[in-house]
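Everything below concerns the one structure shown next.
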């Protein structure tokens, strides 16, 4: 099963990705994680909770909402479960992704309702917790609304009140700092290095 | 047990403070208790009293060594206890006024010895106590990074018990019921420094602080202007009053409330508060305050960037070093500019409010909000002063610098991008340094993140434009790290593959070089760069072809080339070759820097030859034709000047038609260019062809015109150039017609000795080649008197040049008679006892010329000029011998002088000297003359020596005859 899996997944990945041995390693890792998480269910995937736990412990992510969104971005077939293929694909972006792949991935994480745009409301949602409580709740809300305005002003090039992929791409290409503008959804550079070592090394 | 005492002592220390605090009854009680406890310790616990401390207690004592009696080895300034530890080290060691004690037993004895002064000693001991690492926190808290504890009572809120730790400043649990204990637990967020903390906690403090900022700057300025007039004590007293009106209340209150844990000492507001952000270096606030007092005024060019113990000791020396060490202070903004702040509410631009809001989000936001706010801030026009100052005035600088200390790479990048832009503003630079921004940026230079490194280095390059900042970079190890950045490009590829360098590595090296360029304006940094191995790395980078990087690399090199060891290294590392190569670059700035570097190095003959051998003269000559870029023109003409000191180079410049161009540059150029152009012409005109060329191109008129300037360097060069031209009789006619001689003569009155000397030298060829020189000289009313009086100068070069001028003047009998009347003989005689060979030569020539009048020969003898002159023959300079032989010949015409010469053993000396310096021209001739084998080519010397010796012989014979008959 495993070698078959490796082959089919390996075919689906771009050139810049993992070597065969690394894919195998990732799959072994996946299975051990699935086993650990779902002993009872005999499931071949990671559910949302298990995946979030991994995001937290391995990739150092902390924001619940963003972790959910990352889960949905990983879960291409929307079955609420991440299978081996989705796992390897997702990790290839995480660990070896080109700038374009990361750009696409981040955009996917940020637009949730599937219409291809990041709306003003979505931005507000994502930035909801980005300010420490000010003296009053209204003040905090006002601050967040302001941050939303700032980002829209910066990134909404076609002035339609929402951010399209083209907007997003243009803005991020101008300043890479905007890649994770609405919250961290990629592993930190430090973690990334460690993880790469893990994948390369023995697992 | 030792720890227990130090604990209580250390805490009490704060209660005591220093002179500025009164001794309260409570404190006195504590002190007495301690003294009693210690004093009786040796009796009550004799066993424990013998325990040797790991670290000695140290303080400055008032006790005199004579107070110690039995049990101590006493000398005039030191005392050692006979009691020693197992290594034989005395347990008490006093070296006035420092005392070190290493057991409680010795401490007990000391207090007994001190008698009525024991309280003072106890206080001194406790006050000076500090853990060797500079911390005041007890050791078991130090492992948590805590440094000291401070009690603060602001106007508007309750007393705050604060912990200062390496992480920052935070509120702790306050004092506990258990007397002398603190609840160490953290109760608040972590703040960067005490000021930030207090600003956050107390609105009043925040308000006062911003008011005081302005006042302090003004006061500093005032103090700096009249440093001796404000007594130190007054300053220490007055500032706190101005600062926090309630500080006195606080002190009293705390002393009553807090017994042993009073830390009120640290309440004393000091100017240094703003600078104490750097807790990481284990420096306590208290230390800082003391330091300020001990360091005194010398160290106060501004708040120390990072106060530290080492700095304390070095402070005054440092200041002097900095004064001496700046190679280019005149074009640096080293005087602190007035700190301008936008007045509150006075028509603030809308940017101000927007930026204020963004700073609020920076302060109160998580990483995401911070990045958004930073990104948005970057969209403001950061090159505009309004925005730069707005960021500062709303407290943005603190936050930006704080962000550099976090682990968030994105925040650091965002923050540095802003700092990099706004640090173009001189005021912001100073603010960044005051807020301790440099050490943090220096730390970032170690980051594995390349773009982060680059940004930090670029920002440092902007900030390090003034002395204090450059010093701070060095003191925090920045130079070594910056030099390490240069290595980036090298580790990955061999020079041959330079084109394959990773662009990012090149960028890192470029930014490193950029920062080093700024830093290299201080001499101490030049040395630090060299010691960090910077020269070979710079030399290596110079071989690459990245223009952007080459500019700062060459810039650093040319800045450093003011140092001799750099010039030697530049020669050794084959840097000249690459400098010459880059002269051919298209980039004007690069050309300029290369020319500057050549200018700096070409004082050395070998280097000048290297420039020629590598084909550097031609590009230099062709760069002369582009005169729009004045900076570059100044650098290029400077390089040409220094290179043309070598004759071969001057010839080459003629071939490249540089002489004509240089003559064209004698008008309508800024002074920096003129100095170099004239300097170059002065050197080139040492050659006949060039002199003719200058005349033919009409160079004499503009040169003579420049004789009326006031720039000293320019005048030195102009006089030299005019002098060089005057060697040609035809040119001399023109110069005379243009009134050049009179102008030169009047320059003898210039206050600057270099100008005087240069003018006198220039006069020599003028007098030699003028048609009716005697008449010309006599025309200058009072001129002869003036030049004779210049023999009273104490500058050797002036004396030598004036002697030379007098030699020429004296060729005219009438003038010789005149200067004799003006007392030239005694004045020349007075100079005879000199060791300076240049002066000796020209003095001897002047003397021999002056002998030709009246009874001057006899007068020289009377004024005791003869005997010293005889000793000149011991010199190693052939020119001196030649001139001396001539002078002695003239003098030996007088019988008395002959005896003096004979007595002083001229003949013997010559023989003695000949045996050692056989090859010397004059020596050989004399030797030949003495052997009667006349055949020298130097007619003058031959005759002089022969005449001299025959005179002496004749006299000797006459004397012998007289004796034996």
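Where the Cα atoms of the range A:135-175 are projected onto their three principal axes, how long is each span, largest first, in whole Å?
Largest to smallest, the principal-axis extents are 37, 21, 12 Å.
Based on Cα coordinates alone, diagonalise the gyration tensor for the range B:23-126, multiply each eigenvalue by 5, take square roots, and list the semi-axes in whole Å, largest first.
22, 17, 12
Taking beta carbons within 10 Å but only from partner chains, what does the mean come to for residues A:169-178?
Taking all residues of A:169-178 together, the mean is 3.
Could you line up B:182, B:735 from fewest to most neighbouring Cβ atoms inside 10 Å?
B:182, B:735
Which whole number of Å³ per residue matches the convex hull of the alpha-carbon atoms in the range B:348-409? Walk me through the numbers on the way to the answer.
Numbers: hull volume 4.7 nm³, N = 62.
Expressed per residue, the convex hull around the Cα atoms of the range B:348-409 is 75 Å³.
Determine the principal axes of the Cα atoms in the range A:86-193, then give the extent along each, sorted from largest to smallest and rounded to whole angstroms.
44, 32, 26
Across 10 Å bins from 0, what is the distribution of all Cα-Cα pair distances for the range B:381-445, in whole percents?
P(r) for the range B:381-445, in whole percents per bin: 23, 60, 17, 0.
State whether the range B:636-709 is rounded, prolate or oblate according to the following rule on the C-alpha gyration tensor (a ≥ b ≥ c being the square roots of its eigenvalues): a/c under 1.5 gives rounded; otherwise a/b larger than b/c gives prolate, and the remaining case gives oblate.
Judged from the Cα gyration tensor, the range B:636-709 comes out oblate (a/c at least 1.5, b/c at or above a/b).
Taking the alpha-carbon centroid of each part, what is the distance from the range B:615-670 to the range B:787-849 in angstrom?
If you average the Cα positions of each part, the centres end up 37 Å apart.
Classify the range B:812-900 as rounded, prolate or oblate, taking a ≥ b ≥ c as the square roots of the eigenvalues of its Cα gyration tensor: rounded when a/c is under 1.5, otherwise prolate if a/b is larger than b/c and oblate if not. If you can, show how the numbers build up before the last one.
Numbers: a/c = 1.73, a/b = 1.40, b/c = 1.24.
Prolate, since a/c reaches 1.5 and a/b exceeds b/c.
Over all Cα pairs of the range B:757-910, how is the pair count split among 5 Å bins, expressed in % and running from 0 up to the last occupied bin?
Histogram of Cα-Cα distances, whole percents per bin: 2, 10, 21, 23, 20, 13, 7, 3, 1, 0.
Would you please report the Å³ per residue occupied by the convex hull of the alpha carbon atoms in the range B:808-854? Could the numbers behind the result be given before it?
Details: hull volume 2.9 nm³, N = 47.
Convex hull of Cα atoms, per residue: 61 Å³.
When only alpha-carbon atoms count, how far does the range B:358-480 stretch along each of its three principal axes, as whole angstroms with the largest first?
Extents along the principal axes, in whole Å: 35, 32, 19.
Give me the Å³ per residue figure for the convex hull around the C-alpha atoms of the range B:600-650.
Spread over its residues, the Cα hull of the range B:600-650 gives 62 Å³ apiece.
From the gyration tensor of the Cα coordinates in the range B:660-804, what semi-axes in whole Å does the equivalent ellipsoid have, largest first, with each one equal to sqrt(5λ)?
Each semi-axis is the square root of five times an eigenvalue, giving 23, 18, 12 Å.
Can you tell me which of B:523-534, B:813-824 comes out highest on packing, and rank the rest after it, using the mean Cβ neighbours within 10 Å?
B:523-534, B:813-824
Any idea what log10 I(q)/I(0) is at q = 0.12, 0.23 Å⁻¹ for the range B:512-585, Debye with uniform C-alpha scatterers and no solvent?
With no solvent term, the Cα-only Debye profile gives -0.26, -1.01.
Where a number appears in this text, it was derived from the coordinates with a stated rule and is not lab data. None of the values given here were measured: they were computed from a predicted structure. Note that each Cβ is placed from the backbone with ideal geometry, even for glycine, and that neighbours are counted across all protein chains shown.
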